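*Asks:* Here you go, one structure.
The values are calculated or read from the model by the stated rules, or taken from the named source; none is laboratory data. For clarity, every value in this text was computed on a predicted model and none was experimentally measured. Neighbour counts run over all protein chains shown; Cβ positions are idealised from the backbone, glycine included.
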Amino acid sequence: MEKILKALKDSEAETFSGLFEFLRFPSVSADPQSAGDVRRCAEWLAEKMKMDGFAASVEETGGHPAVLGRWDKNPGAPTVLIYGHYDVQPAVKSDGWNHEPFTPVIDGEKLYCRGSSDDKGQFWCHYAAAKAHLKAYGKLPVNVIFLVEGEEEANTGKFDNYVRESAKKLACDAVIVSDGPMYGDGFPALTYSLRGLAYMEFTVTGPDRDLHSGVMGGIVMNPAQALAKMITSLKDEEGRIMVEGFFDGVAPVAQWERDNWKKLPFDEAASAKEIGVETLAGEVGYTWLERLWARPTLDVNGMWSGYIGEGSKTIIPSAASAKISCRLVPGQDPDRIAELLEAKMRSVMPKGVTMTAKMLAKAQPVLLPYSGPAVEGALAAMEAAYGREPFRIREGATIPVVHTLAESLGAPVVLAGLGRVSDRIHGPDEHFRLEDLRSGMEFSARLLTELAGRL
């Protein structure tokens, strides 16, 4: 292993240079105007893999392309599929960035750029580790497949269809996913559960046009006020979701998990301060970690209606809309939750307005094995790389493709987040700590060796 770690250190300038070039592509999958940049990023990555000794191709998915890389020159060795995504969230400097969002900048011990943590930087840890093995010994201890998605942030479902249809050529003995945070600063962790998602948009419509609030005020139901009242009915004052059937199938947290979570450090005051609020909030009767990991949520993501420009415009708006997302836990189904939520909204809708509802995105919750050869190998590699015993945790976020990978490939999926909650992913000044980049590369280098001897 020392020879491989030396190869990582000796190649650091080259590793950073390649990552910087990768980050400069504004590969925003949700913006149709960025489609060209998304494809150029995929083409660049495929060519980069070819130059570095991997077979690689740009794969059409019906949406944004994926990149498939492969090194399969070790007959009889297990095959490890490493998943990542090269698409990113939108970003402009006026959002509050201190640097241009698609110009990589090292400031202090942090690499600032959109995608630095989510997920180009984390994928690059694995890519650099594989290259270090090749540099040190001319071969890898396992066969490797790189599968890099181009629309994880858009969540259209087309990549999932590609995985299902390509299951034979993606056959492997284990799947590695690094697309998320560790448990707090300096606490490495493996994740065995992810929440799912039901994301909906509701539009409430009243009159067929905006009306004068003096001439017509008092005799017309205001759609904005109607929608606000409907939304407030979705939760009670103690944060409980008041949608009939919403919690059907939600399993209680096992006692071994409760005992494990009690050992995890969680500073309520520090967590509140880090996000700029006075106190945390949520469903009464559950611990903070249960709320984050094992309980479903319902949140308003955005609302709009009427006149919001400068000055006054006295109207009763014609319509009002809201986007609402529910994070789901194992035992819940996004389609069923969408049906229940729509039914609840219609049941409390006042007379004088109509409503339309549509599903914008969905993903199944995931519960993965928390033991087995792949998991034990990852835990050993992580402890050696980070110098401390890693935790086994759940995660409140959603990675839609994980369920598809596990179901379609039939191989154990190991979720090993290499970033931090404080990396500001999806927001201004997203960054990846250089310490985490280096530790992530070492972890991946050790992981390939561990899996060779365990799978």
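*Asks:* What single numbered condition from (1) in contact (Cβ under 8 Å) with a residue 60 or more places away in the chain; (2) in a helix (DSSP H, G or I) fails to hold for Ala154?
*Replies:* (2)
*Asks:* Read through the list (1) in contact with a helix residue (DSSP H, G or I) (Cβ under 8 Å, 6 or more places away or on another chain); (2) closer than 30 Å to Ser408 by Cα; (3) assigned to a helix (DSSP H, G or I), then give the number of the only condition that Gly245 fails.
*Replies:* Checking Gly245 against (1) in contact with a helix residue (DSSP H, G or I) (Cβ under 8 Å, 6 or more places away or on another chain); (2) closer than 30 Å to Ser408 by Cα; (3) assigned to a helix (DSSP H, G or I), the one that fails is (3).
Table: residues versus (1) surrounded by 16 or more Cβ atoms within 10 Å (Cβ to Cβ); (2) farther than 22 Å from Ile145 by Cβ; (3) not assigned by TED's automatic domain parsing to the domain that holds Leu434.
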position: Asp10; (1), (2), (3): no, yes, no
position: Phe20; (1), (2), (3): yes, yes, no
position: Val28; (1), (2), (3): yes, yes, no
position: Gln33; (1), (2), (3): no, yes, no
position: Gly36; (1), (2), (3): no, yes, no
position: Arg40; (1), (2), (3): no, yes, no
position: Glu47; (1), (2), (3): no, no, no
position: Asp52; (1), (2), (3): yes, no, no
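*Asks:* Give segment 81-109 a look and list any residue that's outside any loop (DSSP other than H, G, I, E, B), within 29 Å of Ala381 (Cβ to Cβ) and in contact with a Phe, Trp or Tyr (Cβ under 7 Å, 6 or more places away or on another chain), or say none.
*Replies:* Of everything in segment 81-109, those that are outside any loop (DSSP other than H, G, I, E, B), within 29 Å of Ala381 (Cβ to Cβ) and in contact with a Phe, Trp or Tyr (Cβ under 7 Å, 6 or more places away or on another chain) turn out to be Ile82, Gly84.
*Asks:* What are the residues in segment 221-231 that are over 28 Å from the mean Cα position of the chain (by Cα) and in a helix (DSSP H, G or I), if any?
*Replies:* Pro223, Ala224, Gln225, Ala226, Leu227, Ala228, Lys229, Met230
*Asks:* Which of the following residues is without any contact (Cβ under 8 Å) to a residue 12 or more places away in the chain and either under 15 Å from Ser27 (Cβ atoms) or of a type outside the set (A, V, I, L, M) (or both): Lys139, Lys120, Lys93, Lys131?
*Replies:* Testing whether each residue is without any contact (Cβ under 8 Å) to a residue 12 or more places away in the chain and either under 15 Å from Ser27 (Cβ atoms) or of a type outside the set (A, V, I, L, M) (or both) leaves just Lys93.
*Asks:* Another question about this same structure. Is it fair to say Lys73 is surrounded by fewer than 21 Cβ atoms within 10 Å (Cβ to Cβ), in contact (Cβ under 8 Å) with a residue 24 or more places away in the chain, more than 26 Å from Gly417 (Cα to Cα) and in the same structural domain as Asn155 (by TED's automatic domain parsing)?
*Replies:* So Lys73 passes the test.
Yes or no, residue by residue, for (1) surrounded by 24 or more Cβ atoms within 10 Å (Cβ to Cβ); (2) within 30 Å of Ala343 (Cβ to Cβ); (3) modelled with pLDDT of 95 or more; (4) not assigned by TED's automatic domain parsing to the domain that holds Val375:
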{"residue": "Pro141", "(1), (2), (3), (4)": "no, no, yes, no"}
{"residue": "Ala154", "(1), (2), (3), (4)": "no, yes, no, no"}
{"residue": "Ala167", "(1), (2), (3), (4)": "no, no, yes, no"}
{"residue": "Phe202", "(1), (2), (3), (4)": "no, yes, yes, yes"}
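*Asks:* Give segment 184-200 a look and list any residue that's at pLDDT 95 or above and of a type in the set (D, E, K, R), or say none.
*Replies:* Arg195
*Asks:* Still on this structure: Looking at segment 277-302, I want the residues that are without any contact (Cβ under 8 Å) to a residue 12 or more places away in the chain and have a partner that is assigned to a helix (DSSP H, G or I) and surrounded by fewer than 12 Cβ atoms within 10 Å (Cβ to Cβ) with Cβ atoms under 8 Å, at least 6 apart or on another chain. Which pairs are those?
*Replies:* Thr279/Glu268
*Asks:* Looking at (1) under 19 Å from the mean Cα position of the chain (by Cα); (2) assigned to a loop (DSSP other than H, G, I, E, B), can you tell me which one Arg291 breaks?
*Replies:* For Arg291, the exception is condition (2).
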